[in-house]
Amino acid sequence: MEMRRTVPVKLDVGSDEAALLRETVDEFLWAANYVVDHAWRGEYKTTSKAQLQEETYDDVREQTRLHANLVQNARNKAADAVQGVLARWKQGEYASKPHFSNPTVVYDKRCATFHDDHVSLATIDGRLDVEYVLPDEDRDTPHSRYLDNDDYELTGAELHNKDGDWFLHLRTKAEMESDIPEQATIGHSTVLGVDLGVNQLAVTSTGTFWSGHKFDHWRREYEKRRASLQRCGSRHAHENIQAVGRKETGRYKTILHRIANGIIEEATENGCTIIAFEELTGIRDRLSGASWGHKWAFGRLCEYVEYKAEMHGIDVEQVDPENTSRCCSHCGFTHPDNRDGEDFACLNCGYENHADYNAAKNIGLRYLRRNQTGDGGGAPVGVRLNRGILNAKGGYEPSAGDSGQSGSPRESPTRNKANGEAVSE
């Protein structure tokens, strides 16, 4: 199993060096945008890196002072962005022509030499040696876990400028032995279902809720701040809008990392080998009250869970979300009137529960039924609940030491990670 990690390292950059890096960034972005413009011509967009190399390389080399390998990296960045837009179009999503403005440069081993305490970077005026600003050696940091670890190989980096400071985001990879239980490789899986929503950002099939109230509060606050600054219209206000955006993104990432860590904790504590999410395509249309910010948050949350799960040998999958909020996880009866806001009451069997919790169980069951290959052979196969296992046929098996309720999976009160209070079922 291949594991990849990115480690940000601050660079010790003087004023002259900073000026040289800024010029290099400007020409790199110009090159990437030039290739995008070329790829975007005509009815059919060009995504072939070989074709773009042939058609744009000489022009970019003539009009910039970039190292030859930086020209190729700019081309790759442009081609990947165009491919991403076409992929979104195929999914029926809106996406416009890419344009690069964030101050970044992509480096690989052909145009950068990485050392333990410094890096040599290709610029528009030869090589530039820059020292790292390293953390204390006795601290547990990403630097000590990955850069000082012989198991991890440094593969490349991306140069970033943030508020005048320069950072190198170093990319590493390692080949690790998988610790996924053998039963998972032959179709026997314990699945943790996760439902995403507006009022509850995430709900697991084990009955843990992460409230969306804090996310929505800060989303409204930052919208008010931006609106107030936009009415000013001054250059200073425009700079403050950008600062507000950076703070907003940072706050959201902190919230989402905490939720992702909680989901991983739920999976590991309950012996789950699979975490199942609903597919994100069209999620704004499915969720009333969802904003673009929610869609961004859901995508980031899935990304965070995926790379954190990899460290624990847990796979992350997505399933078709159709009717997961309307289907009874107990008897399978599906009807729009089963759900009323956050309340779920099955019109067929009378099963009642929180609607998002019911959906989380359905998401786990949908993955299980899609991939079920046998009867289990003695290993627990099913969707993990907070007091037992729900199998693909709807049968409920309580955890050891808990008698449960025969034929009726009614679990203990769920946990709300937003405020620590129990949510009564």
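The values are calculated or read from the model by the stated rules, or taken from the named source; none is laboratory data. This one's a predicted model, so the numbers in the text were calculated from it and none came from an experiment. Virtual Cβ from ideal backbone geometry, glycine too; neighbours counted across all protein chains shown.
For residues that are part of a helix (DSSP H, G or I) and small (Gly, Ala, Ser), scanning just region 40-71, find the one that is farthest from residue 113 (Cα to Cα). Reasoning before the result, please.
If we filter region 40-71 for residues that are part of a helix (DSSP H, G or I), which is where we start, we get 49-63, 68-71.
Adding the requirement that they be small (Gly, Ala, Ser) leaves 50, 68.
On the way: 50: 26, 68: 15 Å.
If we take residues in region 40-71 being part of a helix (DSSP H, G or I) and small (Gly, Ala, Ser), then 50 is farthest from residue 113 (Cα to Cα).
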Residue, nearest to residue 279 (Cα to Cα), within region 316-326, restricted to residues that are touching a strand residue (DSSP E or B) at 6+ places or on another chain (Cβ under 7 Å) and surrounded by fewer than 18 Cβ atoms within 10 Å (Cβ to Cβ): 318
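In this structure, is residue 312 assigned by TED's automatic domain parsing to the domain that holds residue 359, surrounded by fewer than 19 Cβ atoms within 10 Å (Cβ to Cβ), at pLDDT 85 or above and over 25 Å from residue 94 (Cβ atoms)? So that I can check it myself, show each step before the final result.
Details: assigned by TED's automatic domain parsing to the domain that holds residue 359: yes; surrounded by fewer than 19 Cβ atoms within 10 Å (Cβ to Cβ): yes; at pLDDT 85 or above: no; over 25 Å from residue 94 (Cβ atoms): yes.
It is false that residue 312 is assigned by TED's automatic domain parsing to the domain that holds residue 359, surrounded by fewer than 19 Cβ atoms within 10 Å (Cβ to Cβ), at pLDDT 85 or above and over 25 Å from residue 94 (Cβ atoms).
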Selection within region 1-20 - assigned to a helix (DSSP H, G or I) and touching a Ser or Thr at 6+ places or on another chain (Cβ under 7 Å): 20
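Suppose the filter is at pLDDT 95 or above and in contact with a strand residue (DSSP E or B) (Cβ under 8 Å, 6 or more places away or on another chain); does residue 57 pass it?
Details: at pLDDT 95 or above: yes; in contact with a strand residue (DSSP E or B) (Cβ under 8 Å, 6 or more places away or on another chain): no.
Taking the combined requirement at face value, the residue does not satisfy it.
Give me the residue from region 169-199 that is crowded, with 22+ Cβ neighbours inside 10 Å and not hydroxyl-bearing (Ser, Thr, Tyr) and, out of that set, modelled with the lowest pLDDT.
Keep residues of region 169-199 that are crowded, with 22+ Cβ neighbours inside 10 Å, which gives 170, 189-197.
After this cut, where a residue has to be not hydroxyl-bearing (Ser, Thr, Tyr) as well, the list is 170, 191-197.
Numbers: 170: 89, 191: 88, 192: 91, 193: 91, 194: 93, 195: 91, 196: 88, 197: 81.
Once the filter is applied, the top-ranked residue is 197.
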Among residues of region 77-91, those that are in contact (Cβ under 8 Å) with a residue 12 or more places away in the chain and assigned to a helix (DSSP H, G or I), counted: 9
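Given region 93-164, what strands (runs of 3 or more DSSP E) lie entirely inside it while holding 3 or more residues that are in the same structural domain as residue 61 (by TED's automatic domain parsing) and charged (D, E, K, R)?
Details: elements: 104-108, 112-114, 118-123, 126-133, 153-162.
Because the criterion is at least 3 residues that are in the same structural domain as residue 61 (by TED's automatic domain parsing) and charged (D, E, K, R), the strands (runs of 3 or more DSSP E) in region 93-164 that meet it are 126-133, 153-162.
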Members of region 7-17 found to be of a type outside the set (D, E, K, R) and surrounded by 16 or more Cβ atoms within 10 Å (Cβ to Cβ), listed by number: 7, 9, 11, 13
